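A.B. asks: Quick one: the structure is below, questions incoming.
Each reported figure results from applying straightforward, stated rules to the coordinates on display, with no laboratory input. Just so you know, these numbers come straight off a predicted model, no measurement behind them. When we count neighbours, we look across all protein chains shown, and the Cβ atoms used for this are built from the backbone with ideal geometry, even at glycine.
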Amino acid sequence: MMFWRRLGYLLPWRRRAAERDMQEELRSIAAMADRRELGNLTIAAEDARAEWGWTRLEQTGQDIRFALRTLRRSGVATIVGTLVMALGIGANTAVFSVVHAVLLNPLPYANPERIVTLTYLATDGQASGDRSRQISVPDFLDWQAQSTSFEAMAYYSSTRTSVMAGALAEYASVARVSDDFVRVFAVQPSIGRPFTHEERREGGTGAALVSDRYARQEFGEPARAVGRTLRLFNRSVPIVGVLPATFDYPLDTDVWFTAVGSRAQLHRRGNNFRAVARLKPDASLERARTELTTISERLDAQYPDTNRNIRVIATPLQREMVGDVASMLYLLLGAVALVLLIACATMATLLLARGTARATEIAVRAALGASRSRIVRQLLVEASVQAFAAAALGVTLAVLGTRALVALSPPDVPRLDDVAVNGSVLLFTVVLSVLVCLLFGLPPALQAVRVDVNEPLRHGAARLAGVGGSRAREVLVVAEIALAVVLVTTGALLVRSLVALQEAPLGFEPANVLLMETTAQPRQRDWSDARAFFQSLLADVRQLPGVVAAGAMMGPPGHNESDSGYWIDRMPEASPLSVARPAAMNVIAPGSFEALGIPIAEGRDFSDGDMAGRPRVAIVNQALARAAFGGRDPLGRVIIARYDSLEPMTIVGVVGDARQYGPAREPQPEVYMPYLQHFYNGATLHVIVKTASNAAALGPSIQRKARERSPEVSVRLTTLDALLAEHVATPRFRAWLLGLFAVVALCLAMAGIYGVMAYVAGQRSKEIGLRMALGAGAPTVLWLMLGRGLKLTAIGLVVGVLGALGSTRLMSGMLFGVQPHDAATYAGVIAGLGLLSLLATYVPARRATHIDPLVVLRQE
Amino acid sequence: MEPLYGVLDLLILRTLLFGPLHGYAIATAIRDSSGDRLNIEFGSLYPALKRLELKGWINAKWETSEHNRRAKVYRLTAVGRRRLHQETSEWTDFVRAVAGVLKPAAGEADS
């Protein structure tokens with residue numbers, strides 16, 4: 001009843017009418033009686049209004065309007081503070097949203113925690129060792145036969161290969177999967193059916209499942225894909241089903257293809273597959289691991305030649321998938337957390353300074369009769385207004401930042417499609433910013449209310465500033481500098497790594513080199529038609545205007561993935577496949593070294609005369625020559641490569657070293673073999689064309705030359721520069737983001753020091769004026785001010801360097817060409833930060849020396 | 001002497017039981033009927049009037065008095081009348097209870 005009546009008073013005109021009515025009534029009463037007898041009618045009216053119940057709301061509205069006015073008046077400091085908090089909120093929410101989607105969110109499969117990967121662990125007799133994801137089928141079959149922890153186990157290999165869905169062959173990501181692959185993930189086709197037994201069995205007919213994305217891209221809509229035929233791996237395969245769009249394993253797979261061929265031929269060290277398995281509901285990861293260790297120890301004893309010191313380890317799929325990305329994302333998370341801390345500290349210093357500066361104003365209001373609770377309420381509102389302004393801006397930044405992160409992420413970050421702004425994190429950061437505002441905005445003001453009203457009025461705010469607040473500010477400044485040191489050092493190390501990576505001597509010249517990945521479809525058993533295709537294509541390409549040199553190779557420099565071993569002179573008697581020295585293997589066409597600018601140090605390049613039926617020859621790089629022959633001449637010696645055949649080859653040339661595994665790794669020994677004498681991986685070669693000018697411009701005509709010969713040839717054009725950029729994508733992403741955070745941290749810390757020093761200078765102006773009146777010169781005053789700033793800076797730098805030494809050690813895996821404790825970087829950071837904070841201190845200190853003693857002293 | 005919190009409401013309701021009165025008249029009526037012992041300023045009374053009005057226990061109307069003066073006159077509503085009975089009996093109970101506690105025990109009378 002009463003509530004409804006009161007609700008009516010929410011309407012402004014109802015309130016105005018009531019107000020008029022009350023004023024009239026009070027006037028009529030005043031006319032009847034003696035004023036003194038009636039008591040304080042103003043308070044009576046105020047209390048009566050309170051009975052209508054919405055006074056509090058009205059006052060809050062006033063407070064908000066007042067707060068906005070105050071904030072607008074306090075200008076730069078407020079804008080800086082709000083931006084700072086918004087940045088903290090936005091950056092943290094964005095980075096955590098990515099971390100959540102990529103690292104923490106469970107995979108979208110049934111009981112994803114039970115899916116594991118099985119990888120080798122080369123122990124060398126030690127407890128831990130190098131993990132290798134590639135496993136061999138014979139080992140896998142033994143694990144499968146002997147283990148009891150798994151509900152389903154499968155192996156697969158994933159390649160990008162030529163697939164014909166229509167008239168032209170295109171590259172697609174194809175996963176060859178063993179029988180139980182679909183069961184491991186407990187995934188059902190959204191359209192069509194899973195593989196039948198006949199399709200799955202060894203040497204069976206084979207069938208394909210395609211991804212939702214691939215079905216749409218090739219056939220318009222998923223339903224139309226079922227029943228169509230794909231041509232891949234030189235055979236025709238029916239599409240029996242489409243897997244749901246949520247299923248994406250191995251990442252970006254277009255086609256899952258069963259019937260992997262005969263297992264009998266596969267070698268125990270033919271590590272060309274990966275393995276996944278699903279734990280039984282009652283089996284724990286620990287149990288599975290123990291079991292697998294027992295099995296691999298058994299295999300070790302049974303096959304000492306191939307399985308010595310090789311163990312198998314089960315790892316949850318999710319952890320395996322995010323692998324290296326995890327450390328990078330955690331690094332980013334750490335960095336933004338530091339930014340948030342600095343942002344909070346900066347905000348806090350600004351608020352502390354402002355709160356103390358307003359002590360006088362608050363005392364005046366208290367003296368004029370404002371009740372304590374009313375003042376506190378107003379201050380609360382003020383702090384909240386700023387906090388919510390920061391929050392609103394922060395939310396915007398979070399949304400934009402998350403999108404930017406997703407757009408800029410290097411290609412090896414999985415599951416980016418699922419990234420969305422994380423509501424709970426956003427809430428957390430917003431609440432945090434509100435708390436900081438309240439925590440640091442209120443106390444100085446509250447102090448003002450608590451003290452005797454007369455005190456600040458009589459002495460100015462200086463008395464208050466000397467108490468508690470100043471210690472808090474100093475601690476905050478030290479913290480800001482220390483955190484900034486950590487971030488700037490991290491950023492500097494990553495930027496230096498990036499620079500070193502980009503300047504690493506590659507051993508080849510990537511400028512103006514066009515690459516065309518080309519897969520032929522050999523019809524003949526000996527692949528002679530594939531060879532003829534490449535031979536005539538290369539002859540044609542060399543004739544094109546603008547072509548300086550042309551060749552072709554299996555693994556282009558920076559992206560060679562073939563990793564095997566070799567022997568010199570003869571094979572060791574006992575075991576053909578153990579103890580070969582490691583080397584990269586490559587199959588190349590004549591002219592490739594010239595096209596890549598790799599110098600031929602000794603001997604000759606291959607020619608078209610090095611073909612099938614002629615003496616087998618090889619070219620090695622200088623790293624191999626050094627490793628295998630020391631100072632002696634390798635030309636004419638015999639080398640046996642553990643590649644497609646174990647036939648001896650005569651070394652006819654030595655070439656310069658190229659970083660075949662990418663710019664981050666020193667050149668390794670490498671064996672080059674002529675393409676006319678060897679099979680090459682999936683009939684795929686990268687045609688390499690060195691051009692006089694813009695390489696990409698020549699792409700279309702070279703592509704046409706390839707397609708003219710056969711529509712079954714799939715091609716993909718790129719440039720060597722672009723290919724190399726992929727290596728740098730992740731380091732660049734890291735360096736840019738950390739660099740950005742470091743700059744932000746630096747600015748924030750400087751703003752913090754400047755703010756505090758300017759504030760202190762203002763507070764001490766009377767003292768300074770007095771000193772100057774008593775004869776202190778400008779230098780004395782300058783030093784007085786500088787000394788305090790420098791002391792804080794020095795403490796901050798020391799704490800920061802200690803923190804940086806601790807934290808940069810954790811990221812040694814991300815560094816290249818620079819040590820985590822690189823002295824030059826540290827010296828640079830210390831000098832740079834020291835100078836900047838000197839500047840931030842100097843400007844207000846300098847201003848202090850311009851104080852006119854008379855003006856200041858007269859203020860009292 | 002200041003009345004206890006809540007008693008003011010009771011006094012106002014009781015005063016209005018005898019007929020409608022304007023605000024100032026309520027104050028004087030309370031003072032008179034308490035033999036000048038309860039001197040409640042109109043200023044203290046006024047918010048209570050507004051509160052009772054909001055609760056619907058009294059209502060108010062502008063009327064012109066015998067001296068041709070306009071004044072806002074308050075009168076008891078039916079709800080207010082019921083409340084008055086209820087509150088009066090609660091008050092009597094309360095006074096009796098307090099008096100029982102305060103009644104000096106036999107032995108203490110002179111100490």
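A.B. asks: About the Cα centre, and with charges only on the beta carbon of Lys, Arg (+1) and Asp, Glu (-1), how big is the dipole of the range A:688-803? Nearest 20 debye, please.
C.D. replies: It works out to roughly 40 debye.
A.B. asks: Please report, to two decimal places, log10 I(q)/I(0) for chain B at q = 0.13, 0.24 Å⁻¹ as given by the Debye formula with identical point scatterers on the Cα atoms and no solvent.
C.D. replies: -0.55, -1.40
A.B. asks: Let me ask you something else. Amide H to amide H under 5 Å from A:ALA504: which residues, 5+ apart in sequence or cross-chain, H placed 1.01 Å off N in plane?
C.D. replies: none
A.B. asks: Quick one, can you get me the convex hull of the C-alpha atoms of the range A:659-816 expressed as volume per residue in Å³?
C.D. replies: Enclosed volume per residue, from the Cα hull, is 235 Å³.
A.B. asks: Which semi-axes, in whole Å and largest first, does the equivalent ellipsoid of the range A:723-793 have when worked out from the alpha carbon gyration tensor as the square roots of 5 times its eigenvalues?
C.D. replies: 46, 11, 7
A.B. asks: Principal axes first, then extents: for the Cα atoms of the range A:2-53, list largest minus smallest coordinate on each axis, whole Å, largest first.
C.D. replies: Taking max minus min along each principal axis of the Cα atoms, the range A:2-53 gives 36, 16, 15 Å.
A.B. asks: So who's got an amide H within less than 5 Å of the one on B:SER65, skipping anything under 5 residues away but keeping other chains? H placed 1.01 Å off N, in plane.
C.D. replies: For B:SER65, the qualifying residues are B:ARG70, B:ALA71.
A.B. asks: A follow-up question, please. Tell me the volume per residue, in Å³, of the convex hull enclosing the alpha carbons of the range A:784-860.
C.D. replies: Details: hull volume 7.9 nm³, N = 77.
Roughly 102 Å³ of hull volume per residue.
A.B. asks: Counting every Cα pair in the range A:466-549, what percent are over 21 Å apart?
C.D. replies: I get 68 percent for the Cα pairs in the range A:466-549 exceeding 21 Å.
A.B. asks: Find the all-direction average of the projected area of the Cα convex hull for the protein assembly as shown, expressing the result in square nanometres with one decimal place.
C.D. replies: 66.3 nm²
A.B. asks: If you don't mind, there's one more thing I want to ask. If you place +1 on the Cβ of every Lys and Arg, -1 on the Cβ of every Asp and Glu, and leave all else neutral, what size is the dipole of chain A about its Cα centre, to the nearest 20 Debye?
C.D. replies: For chain A, the charge dipole is close to 2660 debye.
A.B. asks: May I ask for the angle, rounded to the nearest 10°, between helix A:55-74 and the longest principal axis of chain A, with both axes built from Cα atoms and the value confined to 0 to 90°?
C.D. replies: 70 degrees
A.B. asks: Now for a different question. Quote the relative contact order of the range A:267-409 in percent (integer), defining contacts as alpha-carbon pairs under 8 Å separated by 6+ residues.
C.D. replies: Values: 32 pairs, mean separation 16.7, N = 143.
For the range A:267-409, the relative contact order is 12 percent.
A.B. asks: Using the Karplus curve 6.51 cos²θ - 1.76 cosθ + 1.60 with θ = phi - 60°, what ³J(HN,Hα) values do you get for each residue of the range A:548-565, in whole Hz, with x for Gly and Pro?
C.D. replies: Ordered by residue, 3J(HN,Hα) equals 8, 7, 9, x, 7, 8, 6, x, x, x, x, 10, 6, 10, 8, 9, 9, x Hz.
A.B. asks: Where does the range A:87-197 land on Rg/Rh, using Cα atoms and the Kirkwood Rh? All intermediate terms of the calculation are to be shown ahead of the outcome.
C.D. replies: On the way: Rg = 19.3 Å, Rh = 18.0 Å.
In the range A:87-197, Rg relative to Rh is 1.07.
A.B. asks: Using Cα pairs closer than 8 Å and at least 6 residues apart in sequence, work out the relative contact order for chain A, in percent.
C.D. replies: 15 percent
A.B. asks: Next question, about the same structure. Between 0 and 90 degrees, rounded to the nearest ten: what's the tilt of helix B:78-102 against the longest Cα principal axis of chain B?
C.D. replies: Approximately 20 degrees, to the nearest 10.
A.B. asks: Quick check of the Kirkwood formula: for the range A:551-677, what is the inverse mean of 1/r over all pairs of different Cα atoms, in Å?
C.D. replies: After inverting the mean inverse Cα-Cα distance, the result is 14.4 Å.
A.B. asks: Using Cα centres only, tell me the gap between the range A:234-251 and the range B:64-82 in whole Å.
C.D. replies: Here the answer is 88 Å between Cα centres.
A.B. asks: So if I take the centroid of the Cα atoms in the range A:603-628 and the same for the range A:674-693, what is the distance between those two points in Å?
C.D. replies: 15 Å
A.B. asks: Residue by residue through the range B:43-57, which ³J(HN,Hα) values in whole Hz follow from phi under the Karplus form 6.51 cos²θ - 1.76 cosθ + 1.60 (θ = phi - 60°), with glycine and proline marked x?
C.D. replies: Per residue, the Karplus-derived 3J(HN,Hα) values read x, 7, 6, 4, x, 5, 4, 4, 5, 5, 5, 4, 6, x, 7 Hz.
A.B. asks: For the Cα atoms of chain A, what angle does the longest principal axis make with the long axis of helix A:720-763, in degrees from 0 to 90, nearest 10?
C.D. replies: Around 20 degrees separate the two axes.
A.B. asks: Let me ask you something else. Across the protein assembly as shown, how many lysine pairs, 8 or more positions apart or on different chains, have C-alpha atoms separated by under 19 Å? Please give the number.
C.D. replies: Count of close lysine pairs: 5.
A.B. asks: Mind jotting down the three principal axis lengths of the range A:124-308 based on Cα atoms? Whole angstrom, largest first.
C.D. replies: 54, 35, 30
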